[in-house]
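**Student:** First, the structure itself, so that you have it in front of you.
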Amino acid sequence: MNKPADHHPVDAHSVMYITKRPDIVMVEGSGSWLTDQNGKRYLDFLQGWAVNCLGHCNPGVVNALHQQAQKLINPSPAFYNGPMIRLSDLLTANSCFDKVFFANSGAEANEGAIKLARKWGQLHKNGAYEIITFDHSFHGRTLATMSASGKPGWDTMFAPQVPGFPKANLNDIESVKKCITDKTVAIMLEPVQGEGGVIPCDDSFMRELRQLTQENNLLLIVDEVQAGFGRTGTLFAYQHFGIEPDIMTLGKGIGGGVPLAALLCTDEVACFVPGDQGGTYNGNALMTAVGISVIDQLLAPGFLQSVITKGELLQSELLKLSSEFGLKGERGKGLLRALMLGKDIGGKLVDLARDLEPEGLLINSPRPDLLRFMPALTVSNDEIRQMCAILRMLLKKVV
C-alpha cells in the first residue's frame with residue numbers, strides 16, 4: 001500500500017459521538033496487525049477488547065462466513081438450523097452445562113442470565129430476585145447489566161437503576177455473606193474482572209463461593225464474556241478453579257469477531273417457557289457457523305497449551321519491565337494481563353504507542369494507573385517481544 005501524499009482529516013460527522021476516536025480509519029486486518037487508510041500498520045494487543053480471539057480475518061472464520069452465507073443466513077429463531085445445534089452440542093460437550101441460548105452480545109447474554117435467575121427464584125425461592133455482584137465488575141451496557149456492574153458512577157448515569165444488585169468485594173467471602181438475605185437468588189461474577197483492571201478471583205475464594213451458594217440454595221453465575229473461550233488458557237475460566245457453576249455467559253471470543261454470545265445453564269436451572277426469552281437474530285446460522293470454526297480451532301491439539309505458554313512469556317516480559325522501571329508488577333491469567341504502572345500514565349502511553357512511526361501499537365488503559373493486554377490467542381512469541389520492546393522505549397520517555 002502506498003502512502004498518500006498528505007493526510008486528510010476523517011469526516012465522520014454522521015457517526016454519533018460516543019467515544020473519542022483518533023483521526024484514523026482502519027481498512028484492513030490480518031492476524032495481530034491492523035492497517036489504516038494511510039497504509040500505516042499497528043500491532044494490535046487490543047483485538048477489539050478480546051473479541052478477535054484468533055486475530056483479524058482468521059482464515060477459518062472467513063471460510064465459515066463464506067460457506068454459510070451461500071447456504072443459509074437467518075431462517076428465523078422460530079426454526080432450528082444445523083450450525084445452531086452443532087455449536088450447542090460442542091459447548092455442552094466441553095463444559096458442565098446442558099443447555100445453550102444464543103444471543104448477539106455479552107450484555108444480552110448477561111441480561112438473559114439475570115432473567116433466568118429471577119425466573120428460577122420465582123419458581124424455587126418464593127420470588128427471591130436479588131443477585132449479589134461485585135465492586136468494579138462490568139456486565140454490560142443495558143440498564144439491568146449496568147445496574148449489576150460495580151463501575152464507579154454508573155449508579156447515577158441513567159438513574160433510576162434496576163434494583164436488586166447488592167455489591168460485595170471481590171476475594172472477600174465475608175462481604176458476600178453480609179449481602180445474603182431471603183431475597184437473594186444468585187451470585188454473579190467475572191472469574192477475572194476485565195474492565196476493573198484484570199483482577200483474577202483467588203482459587204480459594206471461588207471454591208468458598210461455590211460452597212456458600214450450595215449451602216444457601218443460590219445460583220452461581222460466571223460472566224465469562226471476556227475471560228472465556230480460551231483467553232485464560234482453559235476453554236472456560238471456571239475450569240481453573242475446580243468448580244461447576246449453574247449459569248455461564250459467553251461473548252466476545254466465541255464469535256472470533258462477529259456478533260455472537262451465549263447463555264449456558266444446567267438442566268436444573270433451565271426454566272424458561274415460550275415467551276420468556278427470544279431475539280430476532282439469536283442463534284442464526286451465519287454467526288453460529290463462525291462459532292463452530294472458533295471452538296474447533298481452540299480445541300485443536302496443543303492450542304490451549306500454547307495460550308498458557310504465551311501467557312507465561314507475556315508475564316515474564318512484563319515483570320522485566322516492571323523491575324526495570326520500578327513499576328508495581330503485573331497480574332492476570334493466560335493472555336488477559338495487566339501491567340501495574342503505579343502512576344496515572346496509562347492514557348499517555350496508549351496515545352504515544354498508537355502514534356508511533358512508522359508502525360503503531362494498540363494497547364488499552366482501563367484504569368489510569370495500568371495497561372491491559374488482550375492479544376489474539378494466535379499472537380507469536382516474536383510479536384509479544386516486539387510489543388514489550390516498544391513499551392520499554394515508551395517507558396524510558398515517560399517514566
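We did not get these values from a lab; they are worked out from the coordinates using the rules stated. Values in this document were obtained by computation on a predicted structure and should not be read as measured data. Neighbour counts run over all protein chains shown; Cβ positions are idealised from the backbone, glycine included.
**Student:** Quick one: if you stick a label point 7 Å off each Cα along the C-beta vector at F79 and V398, how many nm between them?
**Tutor:** Distance between the two pseudo-spin positions: 5.3 nm.
**Student:** Using helices alone, I'd like the mean residue ellipticity at 222 nm for the chain: each DSSP H run of four-plus residues gives -39500 (n - 2.57), total over residue count, nearest 500.
**Tutor:** The helix contribution divided over the chain gives -11000 deg cm²/dmol.
**Student:** For the chain, I need the span (max minus min coordinate) of the C-alpha atoms along each principal axis, in Å, sorted largest to smallest.
**Tutor:** Computed over the chain, the largest-to-smallest principal extents equal 67, 53, 46 Å.
**Student:** Just to verify a number: FRET efficiency for Q211 and V62, C-beta to C-beta distance, R0 = 41 Å, to 0.05?
**Tutor:** 0.35
**Student:** Summing Lys, Arg as +1 and Asp, Glu as -1, what charge do residues with Cβ under 14 Å from the Cβ of H56 carry, H56 excluded?
**Tutor:** -3
**Student:** Run the numbers for N169 and K71: contour at 0.36 nm per residue of separation, minus the present Cα-Cα distance, in nm.
**Tutor:** 30.4 nm
**Student:** Also, I was wondering about something else. With point charges of +1 on the Cβ of Lys and Arg and -1 on the Cβ of Asp and Glu, referenced to the Cα centre of the chain, which listed residue (Y238, L116, F134) lies farthest in the positive direction of the dipole?
**Tutor:** So the residue we want is F134.
**Student:** Further question on the same structure: What residues qualify as long-range amide H neighbours of A103, i.e. H under 5 Å apart, gap of 5 or more or another chain, H built at 1.01 Å from N?
**Tutor:** Residues meeting the criterion, in which the H sits 1.01 Å from N, are A261, A262, L263, G283.
**Student:** Okay, moving on. Taking square-rooted eigenvalues a ≥ b ≥ c of the alpha carbon gyration tensor, is the range 249-399 rounded, prolate or oblate, where a/c under 1.5 means rounded and, failing that, a/b exceeding b/c means prolate?
**Tutor:** Cα axes put the range 249-399 in the prolate bin.
**Student:** Here is a further query. Any idea what the dipole of the range 59-298 comes to, in debye rounded to 20, about its Cα centre with Lys/Arg Cβ at +1 and Asp/Glu Cβ at -1?
**Tutor:** 520
**Student:** Let me ask something else about it. Can you give the charge dipole size of the range 107-231 about its Cα centre, rounded to the nearest 20 debye, using +1 on the beta carbon of Lys and Arg and -1 on the beta carbon of Asp and Glu?
**Tutor:** 380
**Student:** Give or take rounding to whole Å, what are the principal axis extents of the alpha carbon atoms in the range 181-290, in descending order?
**Tutor:** So the extents along the principal axes, rounded to whole Å, are 41, 35, 23.
**Student:** Any chance you could run the full-extension gain for E312 through S14? It's 0.36 nm times the residue separation minus the Cα-Cα distance, nm to one decimal.
**Tutor:** Computed gain between E312 and S14 is 102.9 nm.
**Student:** Can you pull the percent of Cα pairs in the range 62-200 with separation above 22 Å?
**Tutor:** Taking all Cα-Cα pairs of the range 62-200, the fraction more than 22 Å apart is 51 percent.
**Student:** Taking Cα centroids, how far is the range 8-38 from the range 239-264 in Å?
**Tutor:** Spelled out, the Cα-based centre of one part sits 29 Å from the other.
**Student:** What is the local net charge at L250, summed over the other residues whose Cβ is closer than 13 Å to its Cβ (Lys, Arg +1; Asp, Glu -1)?
**Tutor:** My count for the surroundings of L250 gives -2.
**Student:** Give me the extension gain from K177 to T142: residue separation times 0.36 nm, minus the current Cα-Cα distance, reported in nm with one decimal.
**Tutor:** In short, 9.9 nm is gained.
**Student:** Residues with beta-carbon under 10 Å from that of T142, excluding T142: net charge, scoring Lys, Arg +1 and Asp, Glu -1?
**Tutor:** It works out to a net charge of -1.
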